[in-house]
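Written below as structure tokens is the structure these notes are about.
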Amino acid sequence: GTLVSFVQEEMKAYRLYTVTPKLVLFIDTLSKWYIKLIRDRVKDPEDAEKVLVTLTQVLFILCRRMAPFTPFLTEHIYQGMKPMLGDDILADIQNSDSIHYLLLPEVSECGTIDKDIERAMHALQTVVTSGRVIRDQKVLGKRQPLAELVVVHEDQQLLNDVRNLQDYIQSELNVKKITISNNKGLTRYS
């Protein structure tokens, strides 16, 4: 929803040069974070259908949004996705032969925009990316478990988000313990 809204606003203002980087960033985030984080849920038969339906809807909206920028790629993806879209989605479309016959997606199609989830995911991505950078600087391989990760930040909301998602962070960075604080005195690099 946030991406669709951003692209609509930028296209209305003819700032097309800002759209492509945002679309590429979304694809990168979708493939590196969302798909990676849902891999365990896909193995569970009860969750698998929900997760795959959601992913298909996201890809359908993304393809429609990207169609003016990457016409051949989105057409190829759309033709491959059509059998998965289901009759309920395609029934509302008068001519679904090509993605270029479809209307651009509206924000209302994307469901509710949950700013809390977006903020929490940004916190998770920031901590994991920073942790990976520190691992690279210290030449510590991903397979080597670390005893502790200390997350220090002045924003209490960010720290709460990190606390709520610490299982994911521990898994991604292979750390046994996460210490969360707004006390700058805890900062240490050893």
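Things worth noting here:
- Among the residues listed as LYS32, LYS43, LYS50, LYS22, the single one being farther than 25 Å from ILE99 by Cβ and open to solvent by 70 Å² or more (accessible area, probe 1.4 Å): LYS43
- The residue pairs whose first member lies in region 58-72 and is surrounded by 20 or more Cβ atoms within 10 Å (Cβ to Cβ), whose second member is of a type in the set (Phe, Trp, Tyr) and in a helix (DSSP H, G or I), and whose beta carbons are closer than 6 Å, counting only pairs six or more residues apart or on different chains, are CYS63/TYR78.
- Leading residue by the ranking (most open to solvent (accessible area, probe 1.4 Å)) among those in region 1-19 that are aromatic (Phe, Trp, Tyr) and farther than 13 Å from VAL107 by Cβ: TYR14
- Residue within region 128-141 that is within 30 Å of ILE77 (Cα to Cα), open to solvent by 50 Å² or more (accessible area, probe 1.4 Å), among the hydroxyl-bearing types (Ser, Thr, Tyr) and not in a loop (DSSP other than H, G, I, E, B) present: yes
- Verdict on ILE77 being surrounded by 12 or more Cβ atoms within 10 Å (Cβ to Cβ), within 16 Å of the chain's Cα centre (by Cα) and either closer than 30 Å to SER171 by Cβ or of a type in the set (A, V, I, L, M, F, W, C) (or both): no
- Leading residue by the ranking (modelled with the lowest pLDDT) among those in region 80-89 that are open to solvent by less than 60 Å² (accessible area, probe 1.4 Å) and either in contact with a helix residue (DSSP H, G or I) (Cβ under 6 Å, 6 or more places away or on another chain) or of a type in the set (A, V, I, L, M, F, W, C) (or both): ILE89
- Some residue of region 166-185 being touching a Pro at 6+ places or on another chain (Cβ under 7 Å) and in a loop (DSSP other than H, G, I, E, B): yes
- Residues within region 142-177 that are over 23 Å from ARG39 (Cα atoms), of a type in the set (A, V, I, L, M, F, W, C) and open to solvent by less than 70 Å² (accessible area, probe 1.4 Å), tallied: 7
- Region 1-51, residues that are of a type in the set (Ser, Thr, Tyr), assigned to a helix (DSSP H, G or I) and over 13 Å from ARG65 (Cα atoms): TYR17, THR18, THR29, SER31, TYR34
- For region 90-127, taking the residues that are exposed (fewer than 13 other Cβ atoms within 10 Å of the Cβ), of a type in the set (Ser, Thr, Tyr) and not in a loop (DSSP other than H, G, I, E, B), the one that is modelled with the lowest pLDDT is identified as SER108.
- Of residues in region 1-35 being of a type in the set (Val, Ile, Thr) and closer than 16 Å to LEU124 by Cβ, the one farthest from the chain's Cα centre (by Cα): ILE35
- Here is the figure for region 97-128: residues that are within 18 Å of the chain's Cα centre (by Cα) and among the acidic types (Asp, Glu) total 4.
The values are calculated or read from the model by the stated rules, or taken from the named source; none is laboratory data. Since this is a predicted model, take the numbers as computed values, not measurements. Please note: Cβ atoms are built from the backbone with ideal geometry, for glycine as well, and neighbour counts cover all protein chains shown. Accessible surface areas use protein heavy atoms only, side chains included; no ligands, DNA or RNA. Shrake-Rupley method; radii C 1.70, N 1.55, O 1.52, S 1.80 Å.
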